[in-house]
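Peer 1: My questions all concern the structure below.
Nothing in this text is a laboratory measurement; each read-out follows from the coordinates by a stated rule. Remember, predicted model here, so these are calculated numbers, not experimental data. All Cβ positions, glycine included, derive from the backbone under ideal geometry; neighbour counts span all protein chains shown.
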Amino acid sequence: MRIFFLRRAWHAFVACSATSMLVSTANGQVDALSLDEALRLASERSQQLVADSAAATAARERAVAAETRPDFTLTTGIENLPIEGPHDFSLTKDFMTMTSIGIERELVSETKRSAEAVRYSREAEAAEASRSLELAILQQQTAVAWFDRLYTNRASELLAAQRASADSLVTAAEVAYGNGRGTQSDVLAAHEAVARSDDTIAAMQREVALARARLARWIGDDAALRPLAMPPQTDVVAVHHGNLDQQLAQHPDLLLMRKREEVALAEAEMARAARRPSWTVGVSYQERGSAYDDMMSINASRPLGWRRSQRQDRVLAASLATAAQARAEREEETRAHVLEAHSLIETWTSNRARLERFAATLVPLAEQRVVAATAAYRAGSGPLNDVLDARTTVIETKLEQLTLETETAKVWAELEYLIPHATSTP
């Protein structure tokens, strides 16, 4: 009874899938989703890329503002206002009382303004490098999710094809048993193989759904439901052994660390310029009572900087130390990236050699074993168990081949998008 319901469930699944494909094709609404289109959709949906672009814009705006001279400051007040005696709180009766209005401005040197503008420009470049890093990560993960869904779909199709042939084996076993050439054990074994095939298919359908969900995280639910186009060629990688230091010079992670080092150096230049205090100058006009003459004042001020060695010099030393820290971390990270690239290249090369072995030897031998065992069983010279074992081996071999293809494609994606490909700006 359990086998009967499993068969019914399988046939219902196949019918629903076929109907869905026919409706989609008839309506002409479903286009195959290529990897390039998936990458474009992922970049358009990413809010992190928008955030990094906004950060770069903000820093560039600050750079323009920093290079502009400071605004004038309006000053106003009352001086020498009497608060006792016959002239208390009078603005005009005492000759010393004055209302004043004036302006003042800090005279920030061009060196200081330029140093601050450069600092914000470097921050904008760091934000752009951060966006490039986020784009590389996004493209790598989107490509991995796309390949994951592609190969889980292929595995599901493989299991479906094997399930169809398992039905024919049940029929053959029942016919042989009816003719007296087979045993009831053979019939039960054939039915058990079908049931196990149904269970494997159910487990694979879960993997297909999970792969679709992982892809939807990057490109959206609607796009993730579309059928996939043919995969790109993965027989060439973007980087190779030899001079990896130079090949990875534009790696966004290393580029970001370099830009952060430049930000620290720009802050050191700001600290160096700040060691020379700026003057603030102002002029004001004082109005007295009508019986007295009006006056004008001119003033100038600047910090004395008596403890420069304890304040400004230490700020400069801290900025230089931060730049040295960034440089050391970048050099260490470069070595780590070179090692990672070597490992990925070796894995990709080894996997391709193994895939050739699967295609040329392992899969053909497994398929030939199924043919031989099936022919022997039908001729009455071989047991059904040999056929079942051979079928299990060929399925496992092909699934192992698909797993290796998936891993190889994911490694290719990591190498291909170490440096992100250009996409439309969100």
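Peer 1: What is the one condition in (1) free of Cβ contacts under 8 Å to residues at least 24 places away in the same chain; (2) surrounded by 15 or more Cβ atoms within 10 Å (Cβ to Cβ); (3) under 34 Å from the mean Cα position of the chain (by Cα) that Ala422 does not satisfy?
Peer 2: All conditions pass for Ala422, except number (2).
Peer 1: If Arg308 satisfies every condition in (1) of a type outside the set (S, T, N, Q); (2) touching a residue at least 40 places away in the same chain (Cβ under 8 Å); (3) surrounded by 13 or more Cβ atoms within 10 Å (Cβ to Cβ) but one, which is the exception?
Peer 2: All conditions are met except number (2).
Peer 1: Go through region 283-294 and report how many residues are within 20 Å of Thr73 (Cα to Cα) and among the aliphatic types (A, V, I, L, M). Don't jump to the end; show me each part of the working.
Peer 2: Taking region 283-294 as the starting set, the residues that turn out to be within 20 Å of Thr73 (Cα to Cα) are 283-287.
Imposing the further condition that a residue be among the aliphatic types (A, V, I, L, M) reduces the set to 283.
Selection size over region 283-294: 1.
Peer 1: Another question, then. Can you name every residue in region 401-426 that is touching a Leu at 6+ places or on another chain (Cβ under 8 Å) and within 30 Å of His191 (Cβ to Cβ)?
Peer 2: Residues satisfying the conditions are Gln401, Leu402.
Peer 1: With the requirement that a residue be farther than 17 Å from Ala161 by Cβ and of a type in the set (A, V, I, L, M, F, W, C), what does region 201-215 give you?
Peer 2: Residues satisfying the conditions are Ala209, Leu210, Ala211, Ala213, Leu215.
Peer 1: Any residue that is more than 30 Å from Asn153 (Cβ to Cβ), out of contact with any helix residue (DSSP H, G or I) (no Cβ under 9 Å at 6 or more places or on another chain), in contact (Cβ under 8 Å) with a residue 60 or more places away in the chain and buried (at least 16 other Cβ atoms within 10 Å of the Cβ) - is there at least one of those in region 81-96?
Peer 2: Yes, there is a match, as at least one residue in region 81-96 is more than 30 Å from Asn153 (Cβ to Cβ), out of contact with any helix residue (DSSP H, G or I) (no Cβ under 9 Å at 6 or more places or on another chain), in contact (Cβ under 8 Å) with a residue 60 or more places away in the chain and buried (at least 16 other Cβ atoms within 10 Å of the Cβ).
Peer 1: Now for a different question. Which one of Glu340, Glu346 is without any contact (Cβ under 8 Å) to a residue 40 or more places away in the chain and loosely packed, with under 13 Cβ neighbours inside 10 Å?
Peer 2: Being without any contact (Cβ under 8 Å) to a residue 40 or more places away in the chain and loosely packed, with under 13 Cβ neighbours inside 10 Å holds for just one of Glu340, Glu346, which is Glu346.
Peer 1: Which of the residues that make up region 375-391 are assigned to a helix (DSSP H, G or I) and either touching a His at 6+ places or on another chain (Cβ under 8 Å) or in contact (Cβ under 8 Å) with a residue 40 or more places away in the chain (or both)?
Peer 2: Hits for region 375-391 are Tyr377, Arg378, Leu384, Asn385, Val387, Leu388, Arg391.
Peer 1: Could you run through region 37-80 and say how many residues are more than 30 Å from Gly220 (Cα to Cα), part of a loop (DSSP other than H, G, I, E, B) and touching a helix residue (DSSP H, G or I) at 6+ places or on another chain (Cβ under 8 Å)?
Peer 2: Filtering region 37-80 down to residues more than 30 Å from Gly220 (Cα to Cα) leaves 59-80.
Next, from what is left, pick out any that are part of a loop (DSSP other than H, G, I, E, B): 68-72, 80.
Retained after the next criterion (residues that are touching a helix residue (DSSP H, G or I) at 6+ places or on another chain (Cβ under 8 Å)): 68-69.
Residues flagged as more than 30 Å from Gly220 (Cα to Cα), part of a loop (DSSP other than H, G, I, E, B) and touching a helix residue (DSSP H, G or I) at 6+ places or on another chain (Cβ under 8 Å) within region 37-80 amount to 2.
Peer 1: For a quick check of your reading of the model, give me the residue pairs whose first member lies in region 352-374 and is surrounded by 14 or more Cβ atoms within 10 Å (Cβ to Cβ), whose second is of a type in the set (Lys, Arg) and in a helix (DSSP H, G or I), with beta-carbon atoms closer than 8 Å and at least 6 apart or on different chains.
Peer 2: Val363/Lys398; Ala366/Lys398; Val370/Arg391
Peer 1: With the checklist (1) surrounded by 17 or more Cβ atoms within 10 Å (Cβ to Cβ); (2) over 27 Å from Asp199 (Cα atoms); (3) free of Cβ contacts under 8 Å to residues at least 60 places away in the same chain in hand, flag the one item Gly180 doesn't pass.
Peer 2: Failing condition for Gly180: (1).
Peer 1: Which condition does Ala390 not pass, out of (1) of a type outside the set (D, E, K, R); (2) within 30 Å of Ala341 (Cβ to Cβ); (3) out of contact with any Phe, Trp or Tyr (no Cβ under 6 Å at 6 or more places or on another chain), if it passes all the others?
Peer 2: (2)
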